[in-house]
Amino acid sequence: MTKYLELYSTYPQTLICPCTQISISYNRFLSIEYTFHQVCTSVFITQNWTNYLSTSYGDDDVYLDDFRLTSSFTFQALSALCQLINQTVSNRLSQFYSSQYVSASVIPSEIFDPQARTLVDQYISSTTTDFLLSLTTIRNTTQSNALFTGLQTNYYFITQNDTQYPDPYVLAYGNCNCSSSPKCVTQSSIYNYPDPTTLLSVPGIYLGCYVIESLLQSNLECFYNQTCIDQLQSYFSSTSLMNITALDESLSVKFRKNSTIEAVVDQLMMEQWNQTIMYDRYFNASAMSINERIHLLYGKVKSYIQNFNLFSSIPPSTDEHQLRNEKISTRLFIILLTLSLAVLLLYNSLINVTQTVNVKAPTMTKYLELYSTYSQALICPCTQISINYDTFISIEYTFHQVCASVFVKQDWIDYLSKNYQVQSISTFDFRSMGPYLFQALNAFCELINQTVSNRLSQFNSSQYVSASVISSNVFKSQAQSLVDQFKLSTTNDFLLSLTTIRNMTQSNALLAGPLTNYGFETDIGDDDPYMYPQKYDGCSCVASAICSYPSRVCGYDGCTITPLYVPGFYMACYIIESLLQSDLRCFYNQTCIDQLQSYFISSSAISFTSLDESLPSRFLPNSTFEEIVNDLMIEQWIPSDQSVMYERYFNACRPLECTYTQETKNSIIYIVTALIGLVGGLITALKLIVPRLVKFTAFCIQKWRMRNAAVIPVMNT
């Protein structure tokens, strides 16, 4: 790495060091540690503390809203949040560590470090948004279903003297009632019993419609103060005193002692995130064999040079026969050289060769032109092999018009609530259920919008990996597949969460505050009420949560006369189930809205305009909410034009050159160059072979002549 840094400091613009391993797990070079808010490791989330609080009033009678009765549930919820967040962060961190960082060549540290920090920031952001979205979904569906809490902090029941059936009543905290908002709260206190005077208001702790909602608006101010804790314990049963130490304010890094639990949870209860980026480990994992490659290349060159050898020429001679042999050798050398050059010239002129062509800095137009001709052989390496989706893909969407209408606004919900509170009407009257139904509708709009927005942020930060430029047709097909997969996965994940919550709610037989799934009845002379399942047209809520019948508006004297059936709306065991089976046909019709309002108290009459049926929509006025929710309440998905996407992708890929191969004949320049290159070796070979061949031939001829020479006899006279 030292050598690389030295080279990079000298050649920052041109240095390229290809990686032997282009994908590296994040855990090879990143380490993330975190520190929770100290309350998550304190005594206040332990079972001992919860048990202590649950017995804090001993055998004394206390009011239902007394801190000593409600506090054990509050701290159980706090403990659950600590555990859930810890498990969520741990699971997501394991997934994060197994993700792959892709780089074709070594990335300089000044680029790598910001990229690594961005990866960590994305992990923290996505983990936070996903957890908060899940929490918000559960909070909103709980409120939408108007689920009854056993602490009776959102509903309570009163049995009138002349009836056997308890009626549900909505609790209000100040000017806020639990049918309109789950966030109504009041100061949590310890009261004297039976005289309801306040003995102690617990600083920072609130009581509200649901334990979670009141906890999120509370803070731990009292539990940073030893005096406050001691004062609190002074009202506890003397037989159950516990030695409790206050939280240490000096340990807080990010949060103050009066920070609300919601503010703490919004940061995943994290005081501090610590990240360690180890560039040396990344370098060793990606570029560790560069030196090995250099040594290997050096060895091959050295071996080639060592094996290359030339022989010395033969010394001249004055022998007549030798001179004749040299002349013959010269003639033969010229003939052979000429024939060899002719053969080589003919061969190089006739053969087909594969030619590699390089095109520097190609534009997209040039690339498309080359691809149309050399589609199988064209390669254009990308300078950036991993590209964020949002670089080239843009996805927009439009919601169903109801999500921007008055019917999901607080004004409309408050308008419906006023009629419910003022008039004595049945639980099953539309005017009674209206606030819950439209609260649920508003919750769906907000949850789906938040879900799509969060998933789109995650989608945009995902990376498209391509080592070389992908052809237009393949890219457009892949891009469309990515968009379709995003829409499908977002829809399926949301519907899976919703279905899970619906099924768990029904399986646990949770009681709906308006008594839409179970009712109470008290026998005459018996103060103990018993529960019975509600039935809708013969369908029992024990068997199914989707039992329903048409929603209606009755007269002030009950439904003794023919009621007004609200077109498209149904009553079911739970509010969510009622809404999902309903549709908006009445609210596309101004006459229907006006007729509905005529049953409301005149003092609260406000003009509301119907939905516009002329607006383009893929949903019909009588499309059920379930059908609309199954499509995420989205009228239209609008991805960017594919041609524009490809142009953005090509510009992000930024190929420095394109190469392709083609079959062709050798050019004249190549042939001449090749012949010139071969002449030297050919001449050398012929110089070595021809003289020896001639000399050997001459020697053989001479021997043959001597052996066959005639012997002349001597004649006697």
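The values are calculated or read from the model by the stated rules, or taken from the named source; none is laboratory data. Here the structure is a predicted model, which is why all the values come from computation and not from measurement. Cβ coordinates were reconstructed from backbone atoms using ideal geometry, including for glycine residues, and neighbour counts include every protein chain displayed.
Worth pointing out:
- Residue that is modelled with the highest pLDDT, among those in the range 590-614 that are under 20 Å from P563 (Cα atoms) and of a type in the set (V, I, T): T591
- Filtered residues of the range 604-619 (kept if assigned to a loop (DSSP other than H, G, I, E, B) and in contact (Cβ under 8 Å) with a residue 24 or more places away in the chain): I606, F608, T609, L611, D612, E613, L615, S617, F619
- Residues that are among the hydrophobic types (A, V, I, L, M, F, W, C), more than 33 Å from the chain's Cα centre (by Cα) and at pLDDT below 90, drawn from the range 615-668: I668
- Filtering the range 77-98 for residues that are crowded, with 19+ Cβ neighbours inside 10 Å and either of a type in the set (S, T, Y) or without any contact (Cβ under 8 Å) to a residue 12 or more places away in the chain (or both) leaves an empty set.
- Of the residues making up the range 344-361, those that are part of a loop (DSSP other than H, G, I, E, B) and closer than 26 Å to N666 by Cβ number 1.
Results for (1) under 14 Å from the mean Cα position of the chain (by Cα); (2) closer than 21 Å to T136 by Cβ; (3) part of a helix (DSSP H, G or I), shown as yes or no for each residue.
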| position | (1), (2), (3) |
| --- | --- |
| G434 | no, no, yes |
| Q439 | no, yes, yes |
| N442 | no, yes, yes |
| L447 | no, yes, yes |
| T451 | yes, yes, yes |
| Q458 | yes, yes, yes |
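- When I393, I387 are checked against the criterion of being part of a loop (DSSP other than H, G, I, E, B) and out of contact with any Pro (no Cβ under 6 Å at 6 or more places or on another chain), I393 stands alone in meeting it.
- Counted residues, the range 1-30 - those being among the β-branched types (V, I, T) and under 34 Å from the mean Cα position of the chain (by Cα): 4
- Flag for T70 being outside any helix (DSSP H, G or I) and of a type in the set (S, T, N, Q): no
- Selection count where residues are at pLDDT 85 or above, surrounded by fewer than 17 Cβ atoms within 10 Å (Cβ to Cβ), of a type outside the set (G, A, S) and not in a strand (DSSP E or B), scope the range 511-566: 2
- So T505, is it in a helix (DSSP H, G or I) and modelled with pLDDT of 90 or more: no
- Filter result for L584 (of a type in the set (A, V, I, L, M), buried (at least 20 other Cβ atoms within 10 Å of the Cβ), touching an Asp or Glu at 6+ places or on another chain (Cβ under 8 Å) and modelled with pLDDT of 90 or more): no
- Any hit, the range 484-492, residues being modelled with pLDDT of 90 or more and part of a loop (DSSP other than H, G, I, E, B): no
- When N91, N86 are checked against the criterion of being assigned to a helix (DSSP H, G or I) and farther than 24 Å from Y210 by Cα, a single residue qualifies: N91.
- Restricting Y101, Y123 to residues that are crowded, with 20+ Cβ neighbours inside 10 Å, outside any helix (DSSP H, G or I) and either polar (S, T, N, Q) or touching a residue at least 24 places away in the same chain (Cβ under 8 Å) (or both) narrows the list to Y101.
- The residues listed here are S126, S99, S90, S94; of these, the one that is within 27 Å of I16 (Cα to Cα) and hydroxyl-bearing (S, T, Y) is S99.
- Members of the range 8-52 that are surrounded by 14 or more Cβ atoms within 10 Å (Cβ to Cβ), free of Cβ contacts under 8 Å to residues at least 40 places away in the same chain and assigned to a helix (DSSP H, G or I): I45, T50
- Count of the range 234-273 residues which are outside any helix (DSSP H, G or I) and closer than 14 Å to T35 by Cβ: 12
- Checked against (1) farther than 27 Å from S598 by Cα; (2) part of a loop (DSSP other than H, G, I, E, B), I425 passes all but condition (1).
- Identity of the residue in the range 672-717, of a type outside the set (A, V, I, L, M, F, W, C) and surrounded by 11 or more Cβ atoms within 10 Å (Cβ to Cβ), that ends up modelled with the lowest pLDDT: P691
- Of the residues making up the range 175-211, those that are outside any strand (DSSP E or B), under 23 Å from N145 (Cα atoms) and either outside the structural domain of L64 (by TED's automatic domain parsing) or not β-branched (V, I, T) (or both) number 10.
- Of all residues in the range 424-467 being more than 30 Å from K487 (Cβ to Cβ) and hydrophobic (A, V, I, L, M, F, W, C), the one that is modelled with the lowest pLDDT: I425
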